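In what follows, a single structure is set out as structure tokens and then discussed.
The values are calculated or read from the model by the stated rules, or taken from the named source; none is laboratory data. Here the structure is a predicted model, which means the values were calculated and not measured. Reconstructed Cβ throughout: ideal geometry from the backbone, glycine too, with neighbour counts over all protein chains shown. When the accessible area is computed, the model is the full protein with side chains, heavy atoms only, and any ligands, DNA or RNA have been set aside. Shrake-Rupley method; radii C 1.70, N 1.55, O 1.52, S 1.80 Å.
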Amino acid sequence: MTWNRKHLLDIESLSAAEIMMVLDTARAFKAVGARAIKKVPALRGKTVVNLFVEPSTRTRISFELAAQRLTADVINFSAEASSLKKGETLKDTARNLEALNADIIIIRHSASGAPHFLARFLNASVINAGDGAHEHPTQALLDTFTILEKKGKIAGLHVTILGDILYSRVARSNIWALTKLGAKVTLCGPSTLVPKIFEQMGCRVTHNVDEAIADADIINLLRIQHERQRKSMFPSLGEYTSLFGLNKARLEKTKPDALIMHPGPINRGVEIDSEIADCSRSVILEQVTNGLAVRMAVLFLVNGGKGPQEIAA
Ligand code: CP
């Protein structure tokens, strides 16, 4: 098959074959990153705009570096210093960026559906870099890439996602990607943050952390998304940490080769003990490294790249 999507808006609408095509293309770009000359001319003459209306470290910087590695011109839009502050709408902002010849607009926004909205009227390609609590597709792609790299497969693995699932776009995108690729997914956290309705996405839901992590091959921890919660979802952070935080005692009860993942930013001492975040089973920084290759692959494909076969060996 060849890639024929202009936008990357979510994982829900992708097939397993399309997900694998992004991962295969990312593998080819990771090999390019190991060369002395890390740049390729795939996006020469193209303009990529990072339209981030919510804070970001990893996603924004890795998209910027990915676009530079593909020889694109990159504009970083700062919401705080923009005319959004003077009342300009998102639609007018995006149309003005397009009037300045933006070819690809990467958007992060607090409103679920903002990238889908832009894709309805823009000629530019739109990439979702996180929309509200809806989806964060490139995070799920880099997470599955990392799992595949480390474990050699996805199908049949048991992945536990532990933390604030309800408000997490990372969780939703990971659930779509992992279940499409044949993994067994368990969700765990307080009942207020992990409602049973998630079983409709093909996951197991439990509120017992020891049970959730006992036979997991991957433990993916999520932070509490305070910025999206309109009320307190549990009595205190201390209680959350004691009931659901990953500490040394809990880690000792897991499979010895279970990997520890986290999309970042991590809250040390809350959802993860500092020593676990930095231990040999943690692949948190490798996820960040892989984000560069995955985002190069996504930029390449939405720009008309057909697949990994087009990237010179
Ligand atoms: N994982 C993630 O989206 O991190 P940033 O918010 O720093 O981009």
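Counting lysine pairs in the range 1-118 that sit 8 or more residues apart in sequence, or on different chains, and whose Cα atoms lie under 21 Å apart gives 5.
How far, in degrees from 0 to 90, does helix 284-302 lean away from the longest principal axis of the Cα atoms of the chain, to the nearest 10? Result, in degrees: 30. Across all directions, the average projected area of the convex hull around the alpha carbons of the chain is 16.0 nm².
Kindly state, to the nearest 0.05, the FRET efficiency for T289 paired with E310, given R0 = 25 Å and r defined as their beta-carbon distance. Taking R0 as 25 Å, the efficiency between T289 and E310 is 0.65.
Along each principal axis, taking the top coordinate minus the bottom one, the Cα set of the range 225-300 gives 46, 37, 17 Å in descending order. The convex hull defined by the C-alpha atoms of the range 1-151 has an orientation-averaged projected area of 9.6 nm².
For the range 137-287, the Kirkwood hydrodynamic radius from C-alpha pairs, put into Stokes-Einstein at 37 °C and a viscosity of 0.692 mPa s, yields a diffusion coefficient of 217 µm² per second.
In the chain, the portion of solvent-accessible area held by carbon and sulfur atoms comes to 53 percent [1.4 Å probe, whole percent, DNA, RNA and ligands not counted].
DSSP finds beta bridges in the chain, and of those with both partners inside it, around 5 percent are antiparallel.
Note on the range 164-223 and the range 268-305: Cα centroid distance 18 Å, given to the nearest whole angstrom. Using the Karplus relation 6.51 cos²θ - 1.76 cosθ + 1.60 with θ = phi - 60°, the per-residue 3J(HN,Hα) values for the range 155-167 come to 4, x, 6, 9, 10, 9, 9, 10, x, 7, 7, 4, 9 Hz, with x marking Gly and Pro. Distances between placed amide hydrogens fall under 5 Å for R204 paired with V185, T186, L187, all partners being 5 or more residues away or on another chain.
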